[in-house]
Amino acid sequence: MTAPARQLARRELQALHLVAAGTTHAEAARQLVMTPKGFTATVNRAMRKLGARNAPHAVLLACRAGILDGRLLEHGDHNGYETHIRRRIPLCDDCRDGEKAYRDGLKAARQAQEAA
């Protein structure tokens, strides 16, 4: 792994995953809870650190450096919330909804225990 590659921030890695997946800047920004300009700035920082000419080149360099999984996360290719955490990828809508339902269920169970 190159020295600049080791210096990529978690957010920059997440942004590169979304670029590699073909996500629009608006959708990627929403998933990362930032503005589209903030997303663009994050990708640009990653590009500078990697010495890339453009965003797809940054993805290629990150894959070659071993810091970005060449097999990109697609919803049918993972088993839920834990994969997002392990791969440091923002939650997809299905997993975000599943996590919320899980947390809501825990909260309801706790409230039922307290009421009993």
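Quick notes on this structure:
- Per-residue Cβ neighbour rank within 10 angstrom, fewest leading, Met34, Met47: Met34, Met47
- The stretch between Asp104 and Met34 holds 22.7 nm of extra length on full extension. This uses 0.36 nm per residue minus the Cα-Cα distance.
- The trypsin sites (Lys or Arg not before Pro) of the range 24-54 that meet both conditions, a loop assignment by DSSP and at most 12 other Cβ atoms within 10 Å of the site Cβ, are Arg53.
- In sequence order, calculated HN-Hα J values of the range 63-68 (Karplus, 6.51, -1.76, 1.60; Hz; x Gly/Pro): 5, 5, 7, x, 9, 10
- Proximal charge balance of Pro36 [Cβ under 14 Å; K/R count +1, D/E count -1]: +1
- Largest-first principal axis extents of the Cα set of the range 3-72 (Å): 28, 23, 20
- Model label points for Ala21 and Ala41, set 7 angstrom from Cα along the Cα-to-Cβ axis, are 2.3 nm apart.
We did not get these values from a lab; they are worked out from the coordinates using the rules stated. Nothing here was measured: the structure is a model prediction, and the numbers come from that model. For neighbour counting, all protein chains shown are included, and Cβ atoms are generated from backbone atoms with ideal geometry for every residue, glycine included.
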